Amino acid sequence: MRLIDRLAANDTTPGRRMAREERRVLLARAIERMGGDDREILGLRYLDQLAFDEIAAVLEIGLGAAKMRHLRAVDRLRSLLEEAGVEPSTSP
């Protein structure tokens, strides 16, 4: 749940809070559909806030492999969210 809360935007108005909660639910469902490796790399990056060299060390893989695994996990997450009708956002 921390990953979901971390990735969902933090807005303050009631309408934005409702929209954030809806995004949080859709994000949770998408993450549940992901494989363990994808969830692991996203957790290391966004929950633990590890740099890619640290992720590579934890996973005992090369730096390039860590970056590629992250990119692929983000792409899969984006695809799952788009399937759920969530439009891509350019804001952090």
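The values are calculated or read from the model by the stated rules, or taken from the named source; none is laboratory data. Please read all numbers here as calculations on a predicted model, not as lab measurements. Surface accessibility is based on the protein's heavy atoms, side chains included, excluding ligands, DNA and RNA. Shrake-Rupley method; radii C 1.70, N 1.55, O 1.52, S 1.80 Å.
Some values worked out for this structure:
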quantity	calculated
Accessible area (Å², 1.4 Å probe, nearest 10) - ARG20	60 Å²
Value of Rg to Rh for segment 20-92 (Rh from inverse mean 1/r over Cα pairs, i.e. Kirkwood)	1.00
